[in-house]
Amino acid sequence: MKINKKLFVPFLSSVIGLSIAGGLGGAFAWYQYSSQVTTSFIGSSVADTSILQIGHLEENQTTHLDEMKWGRDYYPYQTQKQKLIPVTFGSLKTVGGKADSLRVEEGKNKAFGYPSAGSEVDNDYDGWLHIDPNDGFVQYDMYLRALDADGTQKALDVYLSNILIEAAGEAEGDKDITQAVRIHLNVQDDKNRLISKNEVTDLDLYGPLDLDGVDGPDTKGGYIDEEQHIPAGDVIEYGVHGETQTTVEAGDIVQSDMTDPDSDYKICTTKIDDATVKITVTVWLEGWDLLKVDAQGHTSNIWKPAYSAGVDIRLGMTFATVPVK
């Protein structure tokens, strides 16, 4: 008997409700002047029957203890609205497709957002706000296991057979923010992955920004000295000089032929003896990404709402193993 081992994980299947909030000043960079993104996540499943299972911890309403729930899919934001704002985690190096670890709740990483105009302090993120999980970006845990026909767990290599990162059909015109979406998989005992819709190589995570509402890059100010000399007004460099970001393109990591997948892109190997593989999923909008800012197709890390806001995005992943006879 041939068992279909394909599992669809619509971890954020639909992202809708992106809106603009007006204002003055640079409180919501990287958007020009003041704007933010509000999104909602709605799940939908197209999973086939499979012995590859996805699990999540859920509070027992009687004991108030977390219990593992297993199934074919997982919808962490079925009824919750989530807000995405442009943030950055700084450099997450990707070498040979493997990215640095990213687990915010352990205190090892922080998301930075809402920079203030002129906040250049020692060339770092001082003056930027720390953004918590699910309050500007999304982070949650999921677990994988594979069962044999008799119900015992078995070790199988797991791959991604599909990734969906797309603008929803109701988007107006050609507005699109999907290039800025980042999906990070922090995989227990295996390679971590930093994935984007298109490959990103050495994206600069630093540079000038226009946060003060005055056309052009922000410049340094200060007091006039005793001799009435006005400060030079040098351009401010935000972020950390020299930091870059490289990602794996979704189309490269996806294995379309599960009879002969590329082992370089294996996500994990399931475990035996009731052990599981924990994967922490983090999704954010990389504020340093270069998005379209005018009708001529020019790009910038100062996103203009007229070209990148008011759109919806949908995301999802499909995990799979090779067919088992």
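Annotations for the structure displayed:
- Check on ASP135, acidic (Asp, Glu), at pLDDT 90 or above, surrounded by fewer than 17 Cβ atoms within 10 Å (Cβ to Cβ) and under 18 Å from the mean Cα position of the chain (by Cα): no
- Residue match in segment 188-211 (condition: more than 22 Å from the chain's Cα centre (by Cα) and either small (Gly, Ala, Ser) or not in a loop (DSSP other than H, G, I, E, B) (or both)): no
- Note on segment 201-213: residues that are open to solvent by 10 Å² or more (accessible area, probe 1.4 Å) and touching a Ser or Thr at 6+ places or on another chain (Cβ under 7 Å) amount to 4.
- For beta carbons closer than 6 Å, sequence separation of 6+ or different chains, a first residue in segment 276-296 that is under 24 Å from GLY113 (Cα atoms) and a second that is open to solvent by less than 10 Å² (accessible area, probe 1.4 Å) and in a loop (DSSP other than H, G, I, E, B), the qualifying pairs are THR282/LEU102; GLY287/TRP30.
Every residue, every condition in (1) of a type in the set (Phe, Trp, Tyr); (2) under 20 Å from ILE165 (Cα atoms); (3) modelled with pLDDT of 90 or more, yes or no:
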| residue | (1), (2), (3) |
| --- | --- |
| THR269 | no, no, yes |
| GLU286 | no, yes, yes |
| LYS292 | no, yes, no |
| GLN296 | no, no, no |
| ILE313 | no, yes, no |
| LYS325 | no, no, no |
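- Annotation: ASP289 fulfils all but one of (1) exposed (fewer than 13 other Cβ atoms within 10 Å of the Cβ); (2) part of a loop (DSSP other than H, G, I, E, B); the unmet one is (1).
- Residue in segment 257-267 that is open to solvent by less than 30 Å² (accessible area, probe 1.4 Å), in contact (Cβ under 8 Å) with a residue 24 or more places away in the chain and within 23 Å of LYS83 (Cα to Cα) present: no
- Looking across ASP225, ASP260, one residue alone is assigned to a loop (DSSP other than H, G, I, E, B), within 30 Å of GLY71 (Cα to Cα) and of a type outside the set (S, T, N, Q). It is ASP260.
- Residue among PRO231, PRO208 that alone is free of Cβ contacts under 8 Å to residues at least 40 places away in the same chain and touching a Lys or Arg at 6+ places or on another chain (Cβ under 8 Å): PRO231
- Qualifying positions in segment 283-319 - acidic (Asp, Glu) and touching a Phe, Trp or Tyr at 6+ places or on another chain (Cβ under 9 Å): GLU286, ASP289, ASP294
The values are calculated or read from the model by the stated rules, or taken from the named source; none is laboratory data. Just so you know, these numbers come straight off a predicted model, no measurement behind them. No Cβ is skipped: glycine too gets one built from the backbone with ideal geometry, and neighbour counts run over all protein chains shown. For accessibility, only protein heavy atoms count, side chains too; no ligands or nucleic acids. Shrake-Rupley method; radii C 1.70, N 1.55, O 1.52, S 1.80 Å.
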